[in-house]
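**Student:** Take this structure, written in structure tokens, and hold onto it; I'll ask about it next.
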Amino acid sequence: MNALRPLLEKTAAFLDLVKFAHTIFAMPFALMAVLVVSDGLPPLAPFLWILLAMVSARTAAMTFNRIADRTIDARNPRTRNRPLQTGRVKLWEAWTLWAVASGLFILAAGRLNPLAFTLSWPVLAILCGYSFIKRFAPVAHLVLGLALGCAPLGAWIALAGRIEAPPLVLGLAVLFWVAGFDVIYACQDDELDKNLGLHSLVTALGRRRALLASRLFHVLAAALLLVFGATAHLGGWYYAGVVIAAVALAWEQSLVSPGDLSRVNTAFFTANGLVGLSLFGFTAADILL
């Protein structure tokens with residue numbers, strides 16, 4: 001056990017670096033797309049390649065973000081204890097992880113179909129380019145949403161080999177859902193972002209108006225989830241999941257206010273976890289039952 005301890009500690013540091021637990025945000029929507037386009041369970045081999053593409057793409061994106069933001073994170077009391085800042089992960093190790101994850105993502109896309117392979121390159125650019133947006137404009141929340149919104153579209157293309165309306169609608173729903181909760185999360189760093197010259201809707205609009213924008217984004221997300229159900233010809237089970245997701249979003253919004261951010265973590269993790277898992281679970285019930 002003592003011999004394994006360094007390996008276990010390094011593995012834990014890498015998982016912390018990429019916040020592996022946050023996979024719960026995009027993965028359910030990719031799996032929803034898989035179930036809908038397959039009208040049931042997908043073939044095993046392409047499904048495994050999709051899982052590899054999802055995990056590796058997210059790993060590449062998060063690792064690149066940590067590398068790009070390493071000096072910013074070192075100045076933020078909330079993030080200064082992350083693995084790169086404490087030395088638990090060396091910079092060269094992070095770059096190696098990024099290169100391996102990026103290669104695996106492109107490999108997996110290439111094993112699926114030509115369109116997936118062609119689109120893997122611009123998708124990787126979006127996933128990594130997000131890290132620089134806040135240095136220039138207050139739209140990083142929407143770009144992050146776009147990055148995660150690629151997940152259901154990519155999963156659909158992986159199996160269908162073409163772009164269709166339902167995954168585009170679902171991708172837009174994910175875009176606005178993510179943008180809404182990222183605005184809430186950004187409220188924690190508004191003063192520091194101003195001092196560092198970084199941009200967000202919170203620094204541009206102030207907390208009160210930024211939180212109103214967050215609510216608008218979540219209303220749009222809920223509406224688009226309804227549209228997705230119609231375009232994908234889903235039934236009552238799915239719409240029950242949308243109702244639960246909408247309630248979770250309303251609860252998330254109720255947890256924060258311009259003067260009280262004490263429950264941001266509950267809003268960010270618990271409420272959003274409920275959104276993704278309920279939608280996936282009820283979509284699976286709608287299709288499989």
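**Student:** Can you name the residue in the stretch 256-289 that is closer than 26 Å to L234 by Cβ and of a type in the set (V, I, T) and, of all such residues, is surrounded by the most Cβ atoms within 10 Å (Cβ to Cβ)?
**Tutor:** The residue in question is V275.
**Student:** Checking T203 against (1) part of a helix (DSSP H, G or I); (2) more than 21 Å from the chain's Cα centre (by Cα); (3) surrounded by fewer than 16 Cβ atoms within 10 Å (Cβ to Cβ), only one condition comes out false. Which one?
**Tutor:** (3)
**Student:** Okay, next question. Go through the residues of the stretch 36-47 one by one and say whether even a single one is in contact (Cβ under 8 Å) with a residue 12 or more places away in the chain and under 19 Å from the mean Cα position of the chain (by Cα).
**Tutor:** Within the stretch 36-47 (the criterion being in contact (Cβ under 8 Å) with a residue 12 or more places away in the chain and under 19 Å from the mean Cα position of the chain (by Cα)), the answer is no, since none of the residues qualifies.
**Student:** Just to verify a result, which residue in the stretch 223-241, among those that are without any contact (Cβ under 8 Å) to a residue 60 or more places away in the chain and under 15 Å from G171 (Cα atoms), is surrounded by the fewest Cβ atoms within 10 Å (Cβ to Cβ)?
**Tutor:** The residue in question is A230.
To keep it simple, each residue is scored yes or no on (1) surrounded by fewer than 23 Cβ atoms within 10 Å (Cβ to Cβ); (2) of a type in the set (A, V, I, L, M); (3) not in a helix (DSSP H, G or I).
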| site | (1), (2), (3) |
| --- | --- |
| D73 | yes, no, no |
| R111 | yes, no, no |
| T118 | yes, no, no |
| P122 | yes, no, no |
| F132 | yes, no, no |
| A158 | no, yes, no |
| L168 | yes, yes, no |
| G171 | no, no, no |
| V174 | no, yes, no |
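**Student:** Additional query: Scan P42, P28 and give me the residue that is in a helix (DSSP H, G or I) and either closer than 30 Å to A285 by Cα or at pLDDT below 90 (or both).
**Tutor:** Details: P42 fails: in a helix (DSSP H, G or I).
On inspection, the qualifying residue turns out to be P28.
**Student:** Of the residues in the stretch 75-102, how many are of a type in the set (S, T, N, Q), in contact with an Asp or Glu (Cβ under 7 Å, 6 or more places away or on another chain) and in a loop (DSSP other than H, G, I, E, B)?
**Tutor:** Step one: list which residues in the stretch 75-102 are of a type in the set (S, T, N, Q), which gives 76, 79, 81, 85-86, 96, 102.
Now narrow it down to the ones that are in contact with an Asp or Glu (Cβ under 7 Å, 6 or more places away or on another chain): 76, 79, 85.
Now drop any that are not in a loop (DSSP other than H, G, I, E, B), which leaves 76, 79.
Number satisfying all stated conditions: 2.
**Student:** Is it true that some residue in the stretch 261-277 is more than 23 Å from F20 (Cα to Cα) and free of Cβ contacts under 8 Å to residues at least 24 places away in the same chain?
**Tutor:** yes
The values are calculated or read from the model by the stated rules, or taken from the named source; none is laboratory data. Since we're looking at a predicted model, the values are computed, not measured. We place every Cβ from the backbone using ideal geometry, glycine too, and count neighbours over all the protein chains shown.
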